[in-house]
Amino acid sequence: MNIFDEINKMPTTLRVSEVAKLLRVDSKTVRNWILSGDLDGTKLPGSYRIERESVTDLVVRGQEGNFTRC
């Protein structure tokens with residue numbers, strides 16, 4: 001199973017912790033990607049929500065070397 005299969009099994013809206021676990025990074029890294037614009041996230045009181053499609057886009061750009069790793 002590849003990363004895209006794993007992403008497609010996830011809910012359409014994800015929490016920071018879910019994205020971090022999926023991509024095997026710290027939650028702070030995911031928040032940094034959101035703040036830097038590398039990952040689209042919707043700010044909620046005390047948290048963010050990330051669309052599954054945004055995670056897919058981030059992975060594709062990462063494979064192409066087109067995003068900042070924080």
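What you get for the chain, charging only the Cβ of Lys and Arg (+1) and of Asp and Glu (-1), is a dipole of about 320 debye around the Cα centre. How about the chain: which trypsin sites (Lys or Arg not before Pro) there lie in a loop by DSSP and see at most 12 other Cβ atoms within 10 Å? Qualifying residues, ordered by number: Lys9, Arg24, Arg69.
Count Lys and Arg as plus one, Asp and Glu as minus one, and take only other residues whose Cβ is under 9 Å from that of Gly41; the net charge is then +1.
Could you look at the chain and say what percent of its accessible area is carbon and sulfur, using a 1.4 Å probe and all protein chains?
On the way: 2080 of 4530 Å².
So the carbon and sulfur contribution to the accessible surface is 46 percent.
Start at zero, step by 5 Å, and the Cα-Cα distances of the chain spread as 3, 18, 32, 29, 14, 3, 1 percent across the bins. In the context of the full set of protein chains, residues of the chain present 65 Å² of accessible surface per residue (probe radius 1.4 Å, heavy atoms only).
Comparing Val19, Val59, Val30 in a Gaussian network model of the chain, where Cα atoms under 10 Å apart are tied by springs, the biggest mean-square fluctuation is seen for Val59. Gain on full extension, evaluated as 0.36 nm per residue between Ile3 and Val60 minus their Cα-Cα distance, stands at 19.5 nm.
The values are calculated or read from the model by the stated rules, or taken from the named source; none is laboratory data. Computed from a prediction, not measured in an experiment: that's the story for all the values here. Positions of Cβ are generated from backbone atoms using ideal geometry, with glycine treated the same way; all protein chains shown enter the neighbour counts. When the accessible area is computed, the model is the full protein with side chains, heavy atoms only, and any ligands, DNA or RNA have been set aside. Shrake-Rupley method; radii C 1.70, N 1.55, O 1.52, S 1.80 Å.
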